[in-house]
């Protein structure tokens with residue numbers, strides 16, 4: 001079946017948005033986004049200035065979209081828990097791996113001089129993951145509490161631990177960070193290993 005004009009337009013619009021987002025992400029990774037002009041962004045994206053303003057009114061929204069796209073891609077293959085997990089869910093392990101890959105960037109984004117819009121969007125995604133996980137697991141541990149309050153508490157705790165972990169030098173492993181996040185969420189007790197480490201041990 002021949003591609004319609006609308007399909008071609010939609011594909012072109014999406015390519016332009018992705019090019020702008022990728023350019024913003026690369027500039028941010030290099031520590032140059034804060035001082036970058038619209039011309040710097042469009043030159044890096046290979047699009048014209050008018051295309052930028054067709055998609056974005058401000059640079060923070062562009063960077064927030066770029067970060068969101070990268071996080072969604074990083075966690076795309078991680079399933080949502082369907083029961084109360086015995087360890088940190090794969091989606092959170094994927095998030096930790098992504099955060100470590102761009103540790104310098106996330107330290108800036110989540111720090112005092114970071115973008116409030118980007119930080120709020122990151123927190124919102126964590127809350128959405130927490131909400132979905134609690135609902136799908138069927139747990140009664142939070143009975144009587146509004147789900148939004150539960151999700152906000154889980155997201156806030158996770159992000160606080162992750163931010164502190166990213167600031168450490170030397171930085172402990174992802175497995176250690178996963179253990180820290182999990183123990184903060186479930187309370188004191190025996191350390192619980194990340195899925196990758198469990199798999200490695202069981203295969204020996």
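Key figures for this structure:
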item	result
Some residue of segment 83-97 being surrounded by 14 or more Cβ atoms within 10 Å (Cβ to Cβ) and modelled with pLDDT of 85 or more	yes
Number of the exception - residue 34 against (1) at pLDDT 95 or above; (2) surrounded by 12 or more Cβ atoms within 10 Å (Cβ to Cβ)	(1)
Qualifying positions in segment 148-184 - exposed (fewer than 13 other Cβ atoms within 10 Å of the Cβ) and over 17 Å from residue 107 (Cα atoms)	148, 149
All helices (runs of 4 or more DSSP H) inside segment 145-204 with 3 or more residues being under 19 Å from the mean Cα position of the chain (by Cα) and at pLDDT below 90	174-186
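The values are calculated or read from the model by the stated rules, or taken from the named source; none is laboratory data. In this text the structure is predicted, and so the values were computed from the model without any measurement. Heads up, the Cβs are rebuilt from the backbone with ideal geometry, glycines too, and the neighbour counts pull from every protein chain shown.
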